[in-house]
Every structure is written in structure tokens, then in C-alpha cells.
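Scroll down for the structure; my scribbles are underneath it.
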Amino acid sequence: MKEDQAAELEAVSARGWPPLVCEQLGDWRLHASRGYSGRGNACWPIGAPDRPLDDAIEAVEAWYRARSLPPLFRPADLPATEALRERLAARAYGPRTETLVMTGGLVADEAGGVILADAPDSAFAEVFLSTAADPEDAAERVEAVRRLAAPRAFARLEIEGEAVAIGAAAVDSGWAGIFGMRTLAQHRRKGLARRIIAGLSAFAAEAGARRIYLQVEASNTPAIALYEGLGFATGYRYRYWTRG
């Protein structure tokens, strides 16, 4: 992906995952929620800050300390953030949780049985929470999903009346962001996630989207294989930078 396209997508994806609190430091976005998920509790250094780089880093640190949160930066691995990443390393920050930003076209595939709604119901939340390793982290993510901006859609598949697979999408600037993909453990490897994405693609097309983006941790090889099988490719990567 070209750098200007990645910069555009960075802005879209920052808007696409709304935190409890968001403030600006020039073009940088400071996100704060309840301190669990990275995207909802990190500085998104998109564009330029409104002050010299070291002063901006110190302002970010003070902003998070004032909210009893550890300072966390989420720079994309792009040339535009190279100076920031060098300064963070010099200040004893280190990277963790490598994440891929994958992009692809709308998926025209079998979406039989996918139920779409304009808000997440209790069944959506139940699947999300029951598939999570950390319930507090999952609860924060469910709250973020509830804040997705319209146009948006929430998809689920049911087996014998029970919700077993879910996903959500929000459309912005011709992009459909895919979020909250979850399948109950006993129903995985049945093609349900593929059908969810196809159903969300149909919604996205009606809402004016032309392409899809999603974010997946580099260690999640089964999900990456699924997305690559649907024609998605890695556009760029990001990592979270923190101390300790």
C-alpha cells in the first residue's frame, strides 16, 4: 500500500474505533477508555503534533498520567513515524503486539442465514464475552463496538436459535471497517466467519463502501489465513510502544 493511502486509512481507522474520550494534540489523537484494549487507550500519531516532538511526547505522557493510564503510542510502521519511533526508543519505550492492517475488496460470497441489525443486542454481546480470555478487556471492546458510527451493521449467525458467530462493520469515506469478529469455539472451522464477512460486505456495498479494512494481530495465524483466503492482503503494520 502506498504511504499516502496508508495515511488516509490511518485516519479512517482512528475514527472507526471510538474511545470514551478523544482529544487532539495537533493531528495526533489521544484515545482513552478504561485501560484495557490498545486501540481505545493509545495515542494515534497521525500527521504532526502542534509542538516539537519531544514536547509532544511529554504532553502525551502527562495526558495519560492524569487519567491514571500508562502512556501508550500506536504509530504505524511507516516512514512518517520513523522519527517518533526513534525518539520513543531513546526514551526507553519498546514495541509490542505487532498488528496487521489488512485490506481487500467487498466479499461477494455465500451469506445465507446472516442476520443484520443496526445495533448490537444481548446475543451479540454474549458471544463476544464468552469467547474472550479477559472479560474486562472484552467488556471495553463491546462498549467501543456500541459506539461505532453510522452507517453501521451488526451481523450474527444462529444455529438452533443460538447465536454462534458475530461481526460488525462501519462505513467511512468509502471504507468498511470490520470489527468484533467472534465465533464460539465449538462452531469454528465451519465457514461461519466467511459468511459473516459476506453479509457485512452486502451491507457495506449499500452504504457506499468500495473496500474493506480490518486489523488482526500478527500472531493470529488462523484469522490471517481466513482473510488471505478471502483476498485480503497486508497494507501495513503497527505496534504499540510502551515502557516496561
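In percent, how large is the relative contact order of the chain, given Cα pairs closer than 8 Å and 6 or more residues apart?
Value for the chain: 26 percent.
Mind pulling the angle between the C-alpha long axis of helix 53-65 and the longest principal axis of the chain? Nearest 10 degrees, somewhere in 0 to 90.
60 degrees
For the chain, take the longest principal axis of its alpha carbons; what is the angle in degrees between that and the long axis of helix 135-146, to the nearest 10 within 0 to 90?
Tilt relative to the chain: about 80 degrees.
Please give the per residue accessible area of the chain, computed with a probe of 1.4 Å over protein heavy atoms only, in Å².
Ligands and nucleic acids excluded, the figure is 45 Å² per residue.
Out of the total accessible area of the stretch 50-96 (probe 1.4 Å, heavy atoms of protein only), what percent is carbon and sulfur?
Using a 1.4 Å probe with all protein chains present, the stretch 50-96 comes out at 53 percent carbon and sulfur.
What percent does the relative contact order of the stretch 148-244 come to when contacts are Cα pairs within less than 8 Å and at least six residues apart?
RCO, the stretch 148-244: 23 percent.
Order 28-35, 77-84 from most to least packed using the mean count of other Cβ atoms within 10 Å.
On the way: 28-35: 20.6, 77-84: 14.9.
Ranked by mean Cβ neighbours within 10 Å, highest first: 28-35, 77-84.
The values are calculated or read from the model by the stated rules, or taken from the named source; none is laboratory data. These numbers come from a predicted model, not from an experiment. Cβ atoms come from the backbone with ideal geometry, glycine included; neighbour counts cover every protein chain shown. What goes into the accessible areas is simple: the full protein's heavy atoms, side chains included, and nothing from ligands, DNA or RNA. Shrake-Rupley method; radii C 1.70, N 1.55, O 1.52, S 1.80 Å.
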